[in-house]
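Following: one structure in structure tokens, then a few remarks.
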Amino acid sequence: MTYELTLTDLAAMKQRQEKITCLTAYDASFARLIDQAGIDIILVGDSLGPVIQGQSSTVPVTLSDVVYHCQCVRRGCHRAWLIADLPFLSYVTADQAFAAAALLMQQAGARMIKLEGAHDELIAQLVAHGVPVCAHLGLLPQQVHQLGGYRVQGRKADARHRLLNDAKTVQAAGASLLVLECVPSELAAEITTMLDIPVIGIGAGSACDGQVLVLYDILGLSPHPPARFTHNFLAGQTSISGAIEAFRDAVKQHHYPTSEHSYR
Ligand code: KIV
């Protein structure tokens, strides 16, 4: 029987400074390849909107979409820690968030849910009832229409302050992981050192405890021009498994991300 990673394993990796790897997946076949390559975390992200459905953002993704894709991924995922996104407007009230978490954890096999923003009261309520929470700060793609585009966050002094406070707040509320998206490397490094929980970066520099990328981006299949922080790991490889292993090795050996993939 395959050993399934736990939150304790991920916390121990931060302690011993072993980089944590995370890729998104949306179906059983890719999940199996990712799992067999020894990637530590699989995220059923609402990035399924742009990469699977051809949507222009994550906003149209529904809870049933995430449940369906998480059920598919669960069948191919045996070792990795499995996280599912709570999609746009599915966690406005605690009742909604609990109903969504019940579907994702009981019917779709997710071990943890991820939500965007520093919703400390909601995080505390979920955690009090046994729902492990991954917080997501920095660039919040579900707010793209409010933000007016995808931009690096935390560059100005007030935004930097807010991000540092939000990071402390979500940890204090009980989040056990933090995804930090598109923030200057120096700020991400400060947050990573400040927090006890593992910080998984995407466009947040090399000092984070781990790295997450969208699977289709590492395979050179981005629907839009690729962001600065992505990298085509299929280039130079002869198979999809080779690309996934190249991502794994680059992160574990501190070769990815470089300053070319990071923001100042
Ligand atoms: O939806 C997603 O894939 C994500 C990652 C990019 C972090 O949230």
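The values are calculated or read from the model by the stated rules, or taken from the named source; none is laboratory data. Keep in mind that this is a model prediction, so the values were computed, not measured. Cβ coordinates were reconstructed from backbone atoms using ideal geometry, including for glycine residues, and neighbour counts include every protein chain displayed. Accessible surface is based on the protein model in full, side chains and every heavy atom, while ligands, DNA and RNA are left aside. Shrake-Rupley method; radii C 1.70, N 1.55, O 1.52, S 1.80 Å.
When the solvent-accessible area of the chain is split by element, carbon and sulfur atoms take up 52 percent of it, the probe being 1.4 Å. Once you have a ≥ b ≥ c as the square roots of the Cα gyration tensor eigenvalues for the range 1-134, tell me rounded if a/c is under 1.5, and otherwise prolate or oblate according to whether a/b is larger than b/c. Oblate. Taking all protein chains into account, the per residue accessible area for the chain stands at 43 Å² (1.4 Å probe).
Its DSSP H runs of at least 4 residues, each contributing -39,500 (n - 2.57), put the calculated 222 nm mean residue ellipticity of the chain at -10500 deg cm²/dmol, to the nearest 500.
Mind putting a number on the dipole of the range 40-188 about its Cα centre? Charges go on the C-beta only, +1 for Lys and Arg and -1 for Asp and Glu, and I need it in Debye to the nearest 20. In debye, rounded to 20, the range 40-188 gives about 280. The range 1-70 and the range 178-229 have Cα centres separated by 14 Å. Taking the empirical scaling 2.2 N^0.38 Å for compact globular proteins as reference, the chain has a Cα radius of gyration ratio of 0.91.
Each of the peptides 172-181, 94-103 was scored by the mean count of other Cβ atoms within 10 Å over its residues; in descending order, highest first, they stand as 172-181, 94-103.
All other residues whose Cβ lies under 14 angstrom from that of Ala172 are scored, Lys and Arg at +1 and Asp and Glu at -1, for a net of -3. A simple packing score, the average count of other Cβ atoms within 10 Å per residue, orders the peptides 238-244, 120-126 as 120-126, 238-244, with the highest score first. For the listed peptides 107-119, 205-217, 250-262, a ranking on the average number of other beta carbons within 10 Å per residue, highest first, reads 205-217, 107-119, 250-262.
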